[in-house]
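Notes follow once the structure below has been shown.
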Amino acid sequence: MTEKFIETANLSGVGVKIIRNIDFLKDFALNTSLGYDSNKDVGFIKALSGATESASAVVNISNREKLKSILTSKTLYISIEKTTLRSSLSEAYFLAKQRCQDEYMLFISGESKTADIEKTLVSGVQGPEKIIFLITEMS
Amino acid sequence: MKKTEEVFCNDQFLQNALNRAQKSYFEKRRKLEKVFDFEKFKNEIRDIKEKNVKNFEENILFLLNVLRSRGFEVFVAKDSDEALSFFYNILSKKGVKKVVKSKSLTTEEIDLNSFLEKNHITPVETDLGEWLVQLNKEKATHMTAPAIHMSKEKILDFLNQKFNANLKLDIKEMVDFCKNEINKEFDNTNCGIFGANAVTKDGTFFIVSNEGNIQHVLNHDINICIVGIDKIVESVDEAFKIVSFLPKNATGQVITSWIDVFTRPPGDEFFVILLDNNRSKIAKEEKFDKILNCIKCGACQMACPVYTTVGGQLFRGETYAGPIGILLSYMENYNFMNELSFLCTGCMACDEVCSSRIPIQSLILEIKAKYERNNIIKKFAIKSMRNYRLLRAFISIANPYFKSGIKMRKFKFLRDEFGLSFRTLPAINKDSFDIIKTKSSKIGLFAGCSTNIFYDEVGKDLIRLSNFLNIDIEIINQSSCCGAAALYNGLKADAILQAQKTIKDLEKFDKILFLDPHCAHMVQRDYNEFFGIDFSDRVVDAGFYFAEFLKNCKYKFIPLNKVLTYHYPCHLSRGMNQASLIEDFIKEKEERFSELDEKERCCGFAGTYSIMHKHISNKLVQRKIENIIKSNSEVVITSCPGCIMQISGALDVMNDRNISVVHFVSYLKNILGA
């Protein structure tokens with residue numbers, strides 16, 4: 001599953017790191033005991049699940065502040081527990097719904113970007129300029 | 001229309017922008033096609049859409065009940081007026097003076113922005129492309145790339161003017177500027193308006209996006225979603241299938257950066273408008289119900305040679321542009337369907353890329369028949385093609401006047417009027433080719449009008465070839481044109497009459513060879529559609545037939561030993577899927593074969609299209625010739641007399657005598673020394 005996730009993420013040009021835990025995020029003054037945190041430059045969010053078919057992370061949006069936090073981080077780390085990886089978007093969604101009853105799930109597969117001017121790709125429009133997936137062993 | 005076509009064709013900024021967009025799209029798409037099974041996806045999307053269109057009423061009722069049970073206000077708008085009135089009621093009740101918008105395609109259908117402005121409510125588009133076209137008081141010209149028609153230079157000019165800015169011609173700098181301007185607006189309102197890509201009947205909304213603006217729009221106190229009733233699907237699995245394939249087919253992306261999936265958006269209040277606007281009516285129309293399979297990916301626009309030549313400012317209805325724009329405009333009851341539908345060349349590039357296998361080209365032909373627009377002379381000419389005796393008489397009379405081609409070099413007006421300024425037409429035969437007597441055989445040759453009128457040498461080459469190979473072929477003495485010219489010009493009743501006569505000519509043969517793939521495709525596909533007679537086992541392109549035959553024989557070939565290339569005729573490649581075998585055959589024989597860039601792109605002939613839309617036709621053939629020149633070819637081989645006429649005629653005007661254009665059958669005869 002992890003290999004497939006990395007392969008698909010590479011196809012979309014998104015970086016993936018396999019790590020034991022997300023403690024290194026503390027170096028950015030982020031509180032990793034929370035479900036999400038951000039300062040202007042760096043933020044992180046813990047995903048409920050991931051889909052390998054598209055290298056997407058599923059995060060629950062429990063409140064408006066959380067959504068804003070995701071959108072305002074320049075670089076957003078998204079941690080996905082290895083055991084929550086599923087093949088399809090549907091399977092990942094149903095797992096996320098099992099784990100959390102929130103009514104709004106956001107699938108994130110890449111940075112905020114546009115190619116609206118002459119098909120030239122520019123990253124960082126109304127959301128993060130860079131997304132990095134962190135596949136973790138922790139449960 | 002004609003003058004405008006010329007202006008768009010000569011707009012170099014537009015040409016550059018569209019070329020870049022098309023090139024980038026297909027590069028990305030081809031990479032993904034190697035990883036994902038696009039054909040399987042297309043079948044699945046078609047099945048999902050067809051099933052849900054059949055269950056329209058049930059789905060809508062179910063969804064209404066679910067959403068209302070959650071306490072949302074839901075409206076079903078039968079048309080634009082009702083939808084606008086719902087918007088007005090909500091916004092005026094809530095005292096909203098400004099709204100931010102995203103996923104605006106459906107709101108464009110009801111022209112929401114103009115309505116809001118008239119009612120002193122400011123709409124602000126937040127997708128960068130939508131914002132640019134709104135700012136420039138234009139309309140979006142592509143489903144997924146609204147500002148595709150705008151060059152960076154044009155954008156820079158008006159940004160600097162409008163905002164008194166001093167930006168440089170740097171796309172990153174321009175995007176940063178735009179996003180900051182858009183970003184200011186999110187905090188200036190408490191209301192977001194958006195559309196959705198799919199909604200399940202149990203009320204789960206799916207929205208795909210890349211920029212992150214949608215999440216900002218959703219993050220308001222009041223949310224209003226407007227969605228066409230064609231977007232309702234039965235299950236989450238079906239919705240995921242759609243949002244998974246949509247970006248792959250639309251932009252060559254594995255997936256969009258964001259997919260919002262919610263049963264309740266953030267914010268305090270949620271209003272839903274389900275828009276019918278003729279959808280339930282079209283769902284009951286046989287054949288046209290397939291229009292509702294569209295998932296609005298815009299791939300057909302990127303593939304269309306006409307759209308990528310003139311763009312979506314010209315090739316559009318009220319809301320939608322390009323090939324699918326013709327179908328959706330028909331659904332919208334657009335007033336000028338005759339002009340819009342006749343912009344299609346019939347090349348089927350749209351069919352090939354459609355996400356849900358909508359037979360776009362066939363439906364456009366149906367629309368042409370409903371809104372037929374031919375002048376009396378053209379109509380008379382096409383109608384009289386069902387009387388081949390008359391046509392033969394015309395050939396004999398015209399021959400002395402056009403022995404060396406139809407050029408009109410002394411008559412500028414006529415030359416311009418008949419599209420002879422960019423392309424001459426060949427000499428008219430002394431006699432119709434099909435009067436040549438041959439012995440009876442179970443294999444027939446249907447030469448077609450182009451060979452009978454212009455290219456008897458190609459027909460004679462086929463006879464020489466078949467004699468050489470000891471294959472008895474009977475030349476069919478035609479009673480009529482096959483009907484293709486009539487059908488593609490909207491004269492369907494005449495096409496059927498001509499087809500009825502032709503069927504009698506064809507009945508006795510086990511195998512029918514065609515020198516013109518347009519005729520072959522007509523007999524194979526459209527006769528089946530007209531009469532339910534399946535000719536597919538009997539119809540074969542002549543070149544394909546010989547190439548297949550020669551696979552198992554040991555003949556000596558003498559290659560031309562020149563740099564040569566092969567152009568794919570639309571009806572042979574996309575219509576009958578027989579072009580690649582011919583190209584492979586040539587490649588195998590000729591060491592100096594040079595593959596043609598955009599070999600499948602239409603050359604712009606399409607019969608009378610090259611006269612009625614000469615500027616577009618000219619642009620298309622020029623691009624074909626640029627590619628031929630790039631291939632360094634001395635010989636262009638193709639399998640369609642129409643393509644030969646267009647390419648060699650354009651080369652003739654350019655005085656380029658170094659490149660010859662030949663029919664594959666003639667080439668085959670030559671390399672066999674027949």
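The values are calculated or read from the model by the stated rules, or taken from the named source; none is laboratory data. These numbers were taken from a predicted model, which means no experiment stands behind them. Backbone-built Cβ (ideal geometry, glycine too); neighbour counts: all protein chains shown.
This table checks each residue for (1) touching a Cys at 6+ places or on another chain (Cβ under 8 Å); (2) free of Cβ contacts under 8 Å to residues at least 24 places away in the same chain.
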| residue | (1), (2) |
| --- | --- |
| B:369 | no, no |
| B:388 | yes, no |
| B:391 | yes, no |
| B:406 | no, yes |
| B:456 | no, no |
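If you filter the stretch A:92-117 down to residues that are part of a loop (DSSP other than H, G, I, E, B), of a type outside the set (D, E, K, R) and more than 8 Å from chain B (Cβ to nearest Cβ), you find that the one that is nearest to the chain's Cα centre (by Cα) is A:100.
Here residue B:362 clears all of (1) crowded, with 24+ Cβ neighbours inside 10 Å; (2) in a helix (DSSP H, G or I); (3) among the hydroxyl-bearing types (Ser, Thr, Tyr) except the condition numbered (1).
Anything in the stretch B:561-587 that is of a type in the set (Ser, Thr, Tyr) and within 14 Å of residue B:634 (Cα to Cα)? List them, or say none. Within the stretch B:561-587, B:565, B:566 meet the criteria. Step by step: first the residues of the stretch B:504-537, then only those that are more than 25 Å from the chain's Cα centre (by Cα), farther than 18 Å from residue B:477 by Cα and among the charged types (D, E, K, R), then the one that is surrounded by the most Cβ atoms within 10 Å (Cβ to Cβ). Which residue is that? Among those that are more than 25 Å from the chain's Cα centre (by Cα), farther than 18 Å from residue B:477 by Cα and among the charged types (D, E, K, R), it is B:534. Within the stretch A:71-90, is there a residue that is within 10 Å of another protein chain (Cβ to nearest Cβ), hydroxyl-bearing (Ser, Thr, Tyr), within 29 Å of residue B:32 (Cα to Cα) and surrounded by fewer than 19 Cβ atoms within 10 Å (Cβ to Cβ)? Yes: the stretch A:71-90 contains one or more residues that are within 10 Å of another protein chain (Cβ to nearest Cβ), hydroxyl-bearing (Ser, Thr, Tyr), within 29 Å of residue B:32 (Cα to Cα) and surrounded by fewer than 19 Cβ atoms within 10 Å (Cβ to Cβ).
Pull out all pairs, ordered by first then second residue, where Cβ-Cβ is under 6 Å, the residues are six or more apart or on different chains, the first lies in the stretch B:408-428 and is closer than 17 Å to residue B:654 by Cα, and the second is in a loop (DSSP other than H, G, I, E, B) and at pLDDT 80 or above. Partner pairs satisfying both residue conditions: B:408/B:420; B:415/B:421; B:424/B:405; B:426/B:405; B:426/B:454. Residue under question is residue B:196, and the condition is that it be of a type outside the set (Lys, Arg), closer than 27 Å to residue B:247 by Cα and within 12 Å of another protein chain (Cβ to nearest Cβ); does it hold? Judged against the criteria, residue B:196 is not a match. Criterion first (outside any helix (DSSP H, G or I) and among the aromatic types (Phe, Trp, Tyr)) does residue B:585 satisfy it? Considered against the rule, which asks whether it is outside any helix (DSSP H, G or I) and among the aromatic types (Phe, Trp, Tyr), residue B:585 comes out as no.
Kindly check whether there is at least one residue in the stretch B:247-260 that is more than 12 Å from every other protein chain (Cβ to nearest Cβ) and surrounded by 22 or more Cβ atoms within 10 Å (Cβ to Cβ).
yes
The residue of the stretch A:23-70 that is farthest from the other protein chains (Cβ to nearest Cβ), among those that are out of contact with any Lys or Arg (no Cβ under 8 Å at 6 or more places or on another chain), part of a loop (DSSP other than H, G, I, E, B) and within 15 Å of residue A:131 (Cβ to Cβ), is A:47. Only one of the numbered conditions (1) farther than 30 Å from residue A:13 by Cα; (2) out of contact with any Gly (no Cβ under 7 Å at 6 or more places or on another chain); (3) more than 8 Å from chain A (Cβ to nearest Cβ) is not met by residue B:221, and that is (2). May I ask you to list the residues in the stretch B:229-242 that are facing chain A (nearest Cβ under 8 Å), surrounded by fewer than 23 Cβ atoms within 10 Å (Cβ to Cβ) and touching a residue at least 12 places away in the same chain (Cβ under 8 Å)? Within the stretch B:229-242, just B:236 meets the criteria.
Within the stretch B:1-47, count every residue that is away from chain A (no Cβ under 13 Å) and not charged (D, E, K, R). Qualifying residue count for the region: 10. Tallying residues that are free of Cβ contacts under 8 Å to residues at least 40 places away in the same chain and over 19 Å from residue B:150 (Cα atoms) within the stretch B:112-138 yields 10. Among the criteria (1) aliphatic (A, V, I, L, M); (2) within 22 Å of residue B:109 (Cα to Cα); (3) touching a strand residue (DSSP E or B) at 6+ places or on another chain (Cβ under 8 Å), the one residue B:321 does not fulfil is (3). For residue B:226, the criteria (1) buried (at least 24 other Cβ atoms within 10 Å of the Cβ); (2) within 14 Å of chain A (Cβ to nearest Cβ); (3) in a strand (DSSP E or B); (4) of a type in the set (A, V, I, L, M, F, W, C) hold in every case but one, which is (2). For residue B:315, indicate whether it is among the aromatic types (Phe, Trp, Tyr), touching a residue at least 12 places away in the same chain (Cβ under 8 Å) and closer than 25 Å to residue B:205 by Cβ. No: the conditions fail for residue B:315.
For the stretch B:161-178, the condition holds for no residue, the condition being that it is within 11 Å of another protein chain (Cβ to nearest Cβ) and under 30 Å from residue B:229 (Cα atoms). For the stretch A:118-139, the count of residues that are within 9 Å of chain B (Cβ to nearest Cβ), closer than 19 Å to residue A:22 by Cβ and not in a helix (DSSP H, G or I) is at least one. Being free of Cβ contacts under 8 Å to residues at least 24 places away in the same chain and farther than 30 Å from residue B:226 by Cβ holds for only one residue in B:39, B:5, B:27, B:82, and it is B:39.
In a strand (DSSP E or B), in contact with a strand residue (DSSP E or B) (Cβ under 8 Å, 6 or more places away or on another chain) and among the charged types (D, E, K, R) - does that describe any residue in the stretch B:234-251?
no
Can you name the residue in the stretch A:54-70 that is over 17 Å from residue A:34 (Cβ atoms) and of a type in the set (Ser, Thr, Tyr) and is also surrounded by the most Cβ atoms within 10 Å (Cβ to Cβ) among such residues?
A:56
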